[in-house]
Structure formats: structure tokens, C-alpha cells
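Q: To start, I am sharing the structure in question, which I have written as C-alpha cells.
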Amino acid sequence: MKKYCDIEKFNNYYLLKFNDNLNIENGKFVKKQLEEILDIKDSNIIVDFSNVYYMDSNGLGIIITLIQKARHFNNKLIFININSMIKNILKITKVINLMLILDTIEEAKRYSKTAI
């Protein structure tokens, strides 16, 4: 089965990287993989969108679920590398108000040293 997301542990954070677009075509596979890997507690999780070029309402649902799960497990999410089209969707739907978005992994690493 194709890996739609990967997670890697570092010293003071986890890096969750999506490997494809977040849409109706692969949404159920992404959700299944996220359920298997996101039982992390009390941590910083950097969510990398560098391989996500398109997102539909299904992808929006994935992000909202990710945010809810992170809150449930007392995790801090830091989103990076989100392109302007996806940022626009997040602004229109106001989901952006629930997110911490930084531009680069370096910024996110610096932030994760001070968070939680």
C-alpha cells in the first residue's frame, strides 16, 4: 500500500510529512494511516505540506481531525510549507484560525524548542 504520510521522531518534535494531495481520492487512506501513527502525547508535531499541491473538502476534514486529535492528546501542531492556494482555502473556511503556520522547517524547529 502506498504511504500517504510518514512520521519521524526527533529530539524535541515529530515530523509528519504528507506525501500526496489531500483529496477525496486518497482521503480514506490518509485517515487510516494517521490513525495508526498519531497516538503521540504531549509533543510538538511539525506537519509538512511540501508535497501537497491540492486539497479539497475531504482534505480540510483531515486537517480538522488532525487538529482535534492533537488537542485531545495535548500536542502542539506546527504547519509548514503550505502553498498559497491551500492557505486561501484555509482562510476562506476560517480553519486557519485554528492553526499555527510557519514558513520553514527551521522556524518550526526553533518554535518547537520553546513550545510545550
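Read-outs: derived from the displayed coordinates by stated rules, not from any lab. Given the structure is predicted, the values throughout are model-derived calculations rather than measurements. Here the Cβ positions follow ideal geometry from the backbone for every residue, glycine too, while neighbour counts run over all protein chains shown.
Q: What does the helix-only formula give at 222 nm for the chain: each DSSP H stretch with n ≥ 4 adding -39500 (n - 2.57), the total divided by the residues, and the result rounded to the nearest 500 deg cm²/dmol?
A: -12000 deg cm²/dmol
Q: For the chain, what is one quarter of the convex hull surface built on the Cα atoms, given in nm²?
A: Numbers: hull surface 26.0 nm².
One quarter of the hull surface, i.e. the mean projection, equals 6.5 nm².
Q: By how many nm would the segment from Y53 to M99 lengthen if fully extended, with 0.36 nm per residue of separation less the alpha-carbon distance?
A: 14.7 nm
Q: Here's something else I'd like to know. Mind telling me which of N97, N81, N58 comes out most flexible in a GNM of the chain, alpha-carbon contacts under 10 Å?
A: Result: N97 has the largest fluctuation of those listed.
Q: Please list, in order, the residues from region 59-80 whose amide nitrogen is less than 14 Å from a point placed 7 Å along the Cα→Cβ vector of I24.
A: Label zone hits: 59-61.
Q: Select from M85, M99, M55 the residue whose mean-square fluctuation is largest in a Gaussian network model of the chain (Cα-Cα springs shorter than 10 Å).
A: Answer for the Gaussian network model of the chain: M85.
Q: If the elastic network links every pair of Cα atoms under 10 Å, which of L100, L34, L66 fluctuates the most in the Gaussian network model of the chain?
A: Answer for the Gaussian network model of the chain: L100.
Q: Once label points are set 7 Å from the Cα along Cα→Cβ at both Q68 and N12, what is their separation, rounded to one decimal in nm?
A: 3.2 nm
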